[in-house]
Amino acid sequence: MKKHTITFVLIVLASNISFAQWTKGKGNGYYKLAGWQLQYDEHYTDTGAKDPNRTRTLFNTSIYAEYGLSNKFDVIAYVPFFASSSQNNQISGTTGGTISQGETVNSFGDVDLGIRYGLYKKGNWAADIKLTLGLPTGDNNGGSDGSFQNGDGEFNQILSSSLGYSTSYKDKPIYLKSYLGYNNRSEGFSDEFRTGLEAGINLINNKLWLITRLNVVKSFKNGSLNATNSNGSIFANDIEYSSFGFETAYYITKKLGISLGFDSAFSGKIIAASPSFSGGIFLDIK
């Protein structure tokens, strides 16, 4: 059976977001070079139970950028210029011989382009609306069986809005943020509802940020593609999940910093049941 895929939202959410995501302001920007990896040997089925699968690894290296065109408008780009999907050899537990060879497919990934508009910013509150366009620039049919994808092969549009609040606690800056979004998909994929929460605190004189986030994706199940994926890939139609994540970012200078992140789905359907890890270096120009 042919495996149909979609780009996994956690790839973007986990490793390519600047803190709080208020509009940047004219001439300001945030730029990040990041790596992301997920290795898994079990997955959530379409009933929410866990099943084992041959070990697969997904990896990408990306550039993420935000730039303030004005005090109200930002442009956003996520470019995974290297993406890799691989599977280990299957080894016999009795003879130690190789039952089937592993595979690796390397390619460009799917690009996201977006624009954000600041609806409201007064006092400690801020609200925005964002449109993201997902471009099918990655390989969606790699490997001997077509299941080694680094892209989804479809054009999608995500419309989302967020509301945030920033303040301080014992002289330490903190922020809280929530968002709602709708992902309009094509090529037979089901549309999605997305929501999430994020919170961050600065611990050491504007140098060390700790961030935690919760994300939920629900499928409207209005697509025509079969959701079955026997390889347990995180790429499938009608995926659903609830995930939590943590990120730490340290400013080496006022503009340059490094970050480390962790994200994992704690419940889901048709999605990998293992955590992902990310790391990067960023430039924050204010």
| query | To the nearest 20 debye, what is the magnitude of the charge dipole of the stretch 105-214 about its Cα centre, counting +1 on the Cβ of each Lys and Arg and -1 on the Cβ of each Asp and Glu? | reply | 1000 debye
| remark: For the stretch 41-90, the accessible surface attributable to carbon and sulfur atoms (probe 1.4 angstrom, ligands and nucleic acids excluded) amounts in percent to 56 percent
| note | Sorting Thr57, Leu131, Ala236 by the position of each Cα along the dipole of the chain (Lys, Arg +1; Asp, Glu -1; all at Cβ), the one nearest the positive end of that ordering is Leu131
| field | Computed E for Thr212/Ser144 - FRET, C-beta separation, R0 41 angstrom, nearest 0.05 | value | 0.55
| request: Please find the FRET efficiency linking Gln37 to Ile91, where r is the Cβ-Cβ separation and R0 is fixed at 25 Å, and quote it to the nearest 0.05. | output: 0.65
| request: With a 1.4 Å probe and every protein chain left in place, work out the accessible area per residue of the chain in Å², rounded to a whole number. | output: 46 Å²
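What's the magnitude of the charge dipole for the chain around its Cα centre, counting Lys and Arg as +1 and Asp and Glu as -1 at the beta-carbon? Answer in Debye, nearest 20.
Values: 26 positive and 24 negative charges, 261 e Å.
That gives a dipole near 1260 debye.
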| task | Please state, to two decimals, what the Cα-based radius of gyration of the chain comes to when divided by 2.2 N^0.38 Å (N = residues). | result | 1.03
| Which value, in debye to the nearest 20, describes the size of the charge dipole of the stretch 81-143 about its Cα centre when Lys and Arg Cβ atoms bear +1, Asp and Glu Cβ atoms bear -1, and nothing else is charged? | 480 debye
| remark: Per-residue ellipticity at 222 nm attributable to helices in the chain (runs of n ≥ 4 DSSP H, -39500 (n - 2.57) apiece, nearest 500 deg cm²/dmol) works out to -500 deg cm²/dmol
| remark: In this structure, among Lys130/Lys218; Lys121/Lys207; Lys121/Lys170; Lys72/Lys121, pairs with alpha-carbon gaps over 21 Å are Lys121/Lys207; Lys121/Lys170
| Extension gain, Leu113 back to Asp171 (0.36 nm per residue minus Cα-Cα distance, nm) | 17.2 nm
| remark: For Phe81 and Phe193, extending 7 Å from Cα along the Cα-Cβ vector and measuring point to point gives, in nm, a value of 4.0 nm
| said: Amide H of Gln149 versus every other amide H placed in the peptide plane: which residues, excluding those fewer than 5 positions away on the same chain, fall under 5 Å? | reply: Gly142
| query | So what's the gap between the Cα centers of the stretch 136-180 and the stretch 24-88, to the nearest angstrom? | reply | 7 Å
| FRET E, pair Phe266, Lys122, Förster distance 30 Å, beta-carbon r, rounded to 0.05 | 0.25
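The values are calculated or read from the model by the stated rules, or taken from the named source; none is laboratory data. Every value quoted in this text rests on a predicted model; they were computed, and no experiment measured them. With ideal geometry, Cβ positions are generated from the backbone for all residues, glycine too; neighbour counts draw on all protein chains shown. Accessible surface is based on the protein model in full, side chains and every heavy atom, while ligands, DNA and RNA are left aside. Shrake-Rupley method; radii C 1.70, N 1.55, O 1.52, S 1.80 Å.
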